[in-house]
1. Do me a favour and compute the ellipsoid semi-axes for the chain from its Cα gyration tensor, root of five times each eigenvalue, largest one first, whole Å.
2. Note down the magnitude of the dipole of the chain about its Cα centre, charges +1 on Lys and Arg C-beta and -1 on Asp and Glu C-beta and zero elsewhere, to the nearest 20 debye.
3. Given the pairs LYS23/LYS166; LYS119/LYS213; LYS105/LYS166; LYS105/LYS171; LYS166/LYS213, which are separated by over 25 angstrom at their Cα positions?
4. Around ASP24, under 11 Å between beta carbons, what's the net of Lys plus Arg minus Asp minus Glu among the other residues?
5. Only four residue types carry charge here, +1 at the Cβ of Lys and Arg and -1 at the Cβ of Asp and Glu. Report the dipole size of the range 3-160 about the Cα centre in Debye, rounded to the nearest 20.
6. Based on DSSP H runs of at least 4 residues, each adding -39500 (n - 2.57), what is the mean residue ellipticity at 222 nm of the chain after dividing by all its residues, to the nearest 500 deg cm²/dmol?
7. Compute the longest continuous run of the chain that contains no exposed GluC sites (Glu not before Pro); treat a site as exposed when its DSSP state is not H, G, I, E or B and it has at most 13 other Cβ atoms within 10 Å.
8. What number, in percent, do you get for the relative contact order of the range 3-160 if the mean sequence gap of Cα pairs under 8 Å and at least 6 apart is divided by its residue count?
Amino acid sequence: MTSYSHEIISDDTRLRLHFAVIKDSRFYSPMHWHGHLEIIYPLKGYMTAFINEQKYTLSQHDILIVNPHELHSTRTHGGVDYLLLQIPMEDLSRVLDHASSLHVKEYFPSIIGSTSLQKMRNYLQELCDTYENPHPGYLLHFSSVLYEFLYELYGNHSEVLSPEVKEKEKKNFERMDEILQYIRSHYQENITLHDAASALHVSHEYFCRLFRKHTGQTFLSYLNAVRTMHFHEDLLRTGASITELLQRHGIQNYKVFLRDFKATYGCSPAELRKTL
């Protein structure tokens, strides 16, 4: 099971943030978005991510950046230890000029050894070390290192998006958000690709192209992933039977579900429940 060695640090004077070092994590987070800058830094194991029509494989000391309001999905492969840092855009805007117009490069592989990237890796490792070994005044040091990291990130690895690019991204985001909201609202029902396309008043062909382009997977694959994720959450949080949870979350093809569940969480639902 996933264990959280650290939770939330709040610097109310300037930045609110969520910082965590997550150990032995197994998860799949289907395509979604949030209004935070998100940094993922694997410490052990590997994971994959899909952002802006690109798939990335992350291993130890790679850095993944998810810009605010950017559609993305992440999946671990086996148990993974990683650093997770999230900062709301509204807080970034207080300390960074034109933050909403800046776009940071998403992927920094560990094989690239530039001075700037090595600095960022050192800062992230120092954040981990500082919080795992607290001492008097450690939050001051943590905040100092965090600002150094953000300065390096935005100072050397960001670009200003033109109004035209921002408008295009906004339109793509709004259309995909509409699709994902429909699935989130109806995933427990027996919905089909035709149902989803009709609800958005687009053709079957257009829907398929748009969905695969922005998620990297088919509608059915995504729908199954959403159902599996919610099943897993309820398996951990409730005492409902496995049969009841299958029905609750619209899961009808148990063979496919079991394959996906084992691939993500490393065991069957029954085996996981025995550990709770």
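1. 33, 25, 16
2. So the magnitude is around 940 debye.
3. LYS23/LYS166; LYS119/LYS213
4. Counting the neighbours of ASP24, the net charge comes to +2.
5. 360 debye
6. It comes out at -15000 deg cm²/dmol, rounded to the nearest 500.
7. 54-188
8. Reported as a whole number, the value is 23 percent.
Coordinate-derived values only; no laboratory data. Given the structure is predicted, the values throughout are model-derived calculations rather than measurements. Positions of Cβ are generated from backbone atoms using ideal geometry, with glycine treated the same way; all protein chains shown enter the neighbour counts.
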